[in-house]
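> Shown below is the structure under consideration.
Where a number appears in this text, it was derived from the coordinates with a stated rule and is not lab data. Keep in mind that what you see is a predicted model, and the values were worked out from it rather than measured. Virtual Cβ from ideal backbone geometry, glycine too; neighbours counted across all protein chains shown.
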Amino acid sequence: MTVLKSVAGLGLAGAVGGVLAAGLAAPVVGGGGLAAKDVANTFVHLPPAPREEPLAQVTRLLDKDGRPFAQFYEANRTAVRLRAVAPVMRKAIVAIEDARFYEHGGLDVRGTFRALLTNTQAGGIRQGGSSLTQQLVKNILVESARSEAERDRARAPNLARKITELRYALALERKYRKDEILERYLNIAYFGAGAHGVEAAARRFFSTSASRLTLTQAATLAGAVRMPYSTDPSLGAAQRARLRERRDLVLDRMAGLKMITQQEAASAKGSPLDLKLRPEPGGCEQSAYPFYCLYVKHELLSNPAFGNTAAQRRARLARGGLVIRTSLDPIAQQAAERAIRRHVHPEDTEVAAEAMVEPGTGRIKAMAASKRFGRNPGNRKNGPRTTFNLPADVAHGGGQGFQAGSTFKVFTLATALKQGWKFGDGFQTPGALVPSQGYRNCAGRPVNDPNTRVLNASGEGEGGPQSIETGTWKSVNIFYMMLERKVGLCNVVKTAKALGVVRADGKPLREVPTFTLGINEMDPVTVAASFAAFAARGIYCRPLAIVEITGRDGRRTHVPPVCERAIQRPVADAVNHVLQGVFDKGTMKGQGLGRPAAGKTGTNNGYTSAWFAGYTPQLAAAVSVGDIRGSYRFPLQGVQIGDQYYGSVQGASLPGPIWVESMGPALRRVEPRGFPGPDMSRFGGGHTPGLKEAQAEEERREMRRGDRAFAKRHRRLMRWLLGRAPAAPSPEWPHRRRRH
């Protein structure tokens, strides 16, 4: 039926019906009323259909397997096509809201008078006076309002608003087919409990989808639309009782209209509501993986591709209805979380953080931290929670980061190999070094520091001959300070920058002599992505969390990796060859993965922080540990972290074990693969004067120490066997102490 035919058939009765419809819900305002001619013109000369803004919908974050782990919304809504709504739901909403919906042209005079009579007899609103199309118009005007004043006008209880609403309804009937109107109504209506639209309501009330709603469930939702606040089941027993009354009213109405039988109605009315209220958490604090969620959120809010202004980007995140697939791997994520949790407690002021990155793509597989995300009770500064994204940089919600320590030696190693150094090349090193000459930054200015005296960190070697292998395996500070001077500080800085190294706070890198000792504060994501480039044989890829974005229109946009060659493939292979020795000959000796791996410990002078960064050909990860209150003020010495006491925290004593315990499970479904061997024609044949002799002497000392230790244990055992003294317990480091 066309609008003109509908109006002509109804004549002035239709107009009067509209006035009566207004009287059902709002008092008539004004004293003059409308002349018959004015009324007729009002409903014959119609305005365009109301402007419809895109409905606010939920934006969801998915892991790599398509499982949701976070969502953002201004209104909890997921729009669906009418064919995705169960037929019984369509019938239920039409029955209670507008039984003659498919017969009238936007104004149902017969239904209006019937509602007036029913409501008068009942002493309250039992049936609505507005057609379903009129209700859609009201919702459209509220949703499209650009100010609070516009929203107030759209809800105003007066005759002028009802007449405007009716005129728009007639215009909508001219623009859309009936099923299109019903689809729009089901997606825009508010059902209570924070659920906008029938799909969100089905999920919220019954943990199901709109396509699977049963008769009783459909009747329940249809009954909630008229009074969504007083029937909100999440508020208490009284609201649930009213919701059941409304459900039964819908069932009676459906039976009266022959949509269902009386027997079906009676059976449904005899059943409980059987609600399965499903929480719909929003934001990162309620996400299963909050630190990863926060990283993605900051990516969206800072990237101009998602909107020209910050306000537009925030609106798109909260209203856009996007589906964002990420590279998060739940297996790797849970492995990182478990490993950290075993070693560091949320209540500790020392914090551990880890990021895992895929070589060759830069895709971030996991981001974990020892603290839970959120605010502490009473907004206390220190506690089991934090609002900082500990694995990330400031641009992604992180803090200032921690000095990366000796992990930076890898950039000096790569620079030396690039310049022609060979395996075995090295030189004599003193027991201490003052960097008073030979260091220039990339601006060409001297940056020598005659007031600094550099020593080798405890357990990382003493003076004597060192090669690029032994200097790396033992992480000898003075060797690397001297090597940095030989290859050029600026060249080392350039290598680091090519491998994606930027400070966590976004400030320029500090180009000073101790650059190779990791003086710059870093975050695990950046360090993991940098080390992943070695696993990818010299290809650096920018860290990537978002893989694909699907808009509300179903169009998919793939987000490709951004990669470039940072160092030559043979140089990367040579670096990998050296760093593999860290596990069987160096600072991580005895802490392997049981598969080919390479890596580097990082222990800062003064034990202000500790790191381990390493990789296999398929996965790279970096672990940092430091005190959240400030690493300089609270060094990692004489501290209890988790259930262990540490005299001092080194890269191999805490970050290293976390890395090993997380990488193993993260890679359990990945076939082990080795690194390509180095080009020995290019890198073989180096020589360090006196190194072989020094190594032979070191082996003799080790044997003598071993013999003495064995003899000492043997004497203790014999005394114990003879009953002369108790056997002393074997020393254990770090000492285990339980919290009290």
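> For the chain, build the charge dipole from Cβ charges (+1 Lys, Arg; -1 Asp, Glu) around the Cα centre, then report which of 238, 675, 563 sits farthest towards its positive end.
Result: 238.
> So for the pair residue 679, residue 437, with labels modelled 7 Å out along Cα→Cβ, what separation do we get in nm?
My value for the distance between the label points is 3.6 nm.
> About the Cα centre of the stretch 633-710, what is the dipole size in debye to 20, counting +1 per Lys and Arg Cβ and -1 per Asp and Glu Cβ, all else neutral?
About 80 debye.
> A follow-up question, please. With the dipole of the chain worked out from charges on the C-beta (+1 for Lys and Arg, -1 for Asp and Glu) around the Cα centre, which of 88, 439, 326 lies farthest toward the positive end?
Looking along the dipole axis, the top candidate is 88.
> Just for the Cα atoms in the stretch 213-366, what are the lengths along the principal axes, largest first, rounded to whole Å?
65, 43, 29
> Then there is this: Take the cross-link list 297/365; 486/589; 178/269; 138/269; 365/474; 276/297 and give me the ones stretching past 21 Å between alpha-carbons.
Among 297/365; 486/589; 178/269; 138/269; 365/474; 276/297, the Cα-Cα distance tops 21 Å for 486/589; 178/269; 138/269; 365/474; 276/297.
> I would also like to ask the following. Evaluate the charge dipole of the stretch 199-285 about its Cα centre and quote only its size in Debye, nearest 20, assuming +1 on the Cβ of each Lys and Arg and -1 on the Cβ of each Asp and Glu.
Using Cβ point charges on Lys, Arg, Asp and Glu, the stretch 199-285 gives about 140 debye.
> Restricting things to Cα coordinates, could you compute the convex hull volume per residue of the stretch 64-104 in Å³?
Details: hull volume 5.4 nm³, N = 41.
Cα-based convex hull of the stretch 64-104, divided per residue, equals 132 Å³.
> Under a point spin-label approximation (7 Å from Cα along Cα-to-Cβ), what is the residue 505-residue 584 distance to one decimal in nm?
If labels sit at residue 505 and residue 584, their model points lie 4.3 nm apart.
> Now a separate question. Kirkwood Rh, Cα Rg: Rg to Rh for the stretch 460-522?
Computed over Cα atoms, the ratio is 1.00.
> Show that you can apply the helix-only estimate: for the chain, add -39,500 (n - 2.57) for every DSSP H stretch of four or more residues, divide by all residues, and state [θ] at 222 nm to the nearest 500.
-13000 deg cm²/dmol
> Right, another one. In debye, nearest 20, what is the charge dipole magnitude of the chain about its Cα centre with +1 on Lys and Arg Cβ and -1 on Asp and Glu Cβ, if you could check?
Details: 106 positive and 64 negative charges, 167 e Å.
Charge dipole, the chain, about its Cα centre: 800 debye, nearest 20.
> Hey, for a label at residue 695 modelled as a point 7 Å past Cα toward Cβ, could you say which residues of the stretch 407-424 have their backbone N under 16 Å away?
Inside the label zone: 422-424.
> While we're looking at this one, here's another question. Of the GluC sites (Glu not before Pro) in the stretch 344-394, which ones lie in a loop per DSSP and count no more than 10 other C-beta atoms within 10 Å?
The qualifying sites: there are none.
> Another question about this same structure. Using 1/(1 + (r/R0)^6) with R0 = 30 angstrom and r between the beta carbons of residue 448 and residue 687, what's the FRET efficiency to the nearest 0.05?
Values: r = 30 Å, r/R0 = 0.98.
Between residue 448 and residue 687 the formula returns 0.50.
> Which residues in the stretch 345-369 have a backbone N closer than 20 Å to a point placed 7 Å from the Cα of residue 288 along the Cα-to-Cβ line?
Counting only backbone N, you get 354-357, 364-369.
> Using a Debye calculation, one point per C-alpha and no hydration shell, please list log10 I(q)/I(0) for the stretch 392-443 at q = 0.20, 0.24, 0.26 Å⁻¹ in order.
Each listed q maps to, in turn, -1.05, -1.17, -1.19.
> While we're on this one: Assuming a viscosity of 1.567 mPa s and a temperature of 4 °C, what translational diffusion coefficient in µm² per second does Stokes-Einstein assign to the stretch 478-635, Rh being the Kirkwood radius over Cα pairs?
The diffusion coefficient I find is 75 µm²/s.
> Right, another one. Which distance in nm do the two modelled labels at residue 180 and residue 629 give, with both placed 7 Å along the Cα-to-Cβ direction?
Distance between label points: 6.6 nm.
> Any idea what % of Cα-Cα pairs in the stretch 411-504 are farther than 23 Å?
The answer is 25 percent, as a whole percent.
> Over the Cα atoms of the stretch 342-413, what radius of gyration and what Dmax do you get, in Å?
14.3, 48
> Here is a further query. Calculate, axis by axis, the spread of Cα positions in the chain along the three principal axes, and write the results as whole Å, longest axis first.
Cα spread of the chain along its principal axes, largest to smallest: 113, 70, 45 Å.
> Farthest toward the dipole's positive end in the chain, which of 401, 159, 534, given Cβ charges of +1 (Lys, Arg) and -1 (Asp, Glu) about the Cα centre?
Positive-end residue among those listed: 159.
> Let me ask something else about it. With a sphere of radius 11 Å drawn around the Cβ of residue 425, what net charge do the other residues whose Cβ falls strictly inside it have (Lys, Arg +1; Asp, Glu -1)?
So the surrounding residues net to +1.
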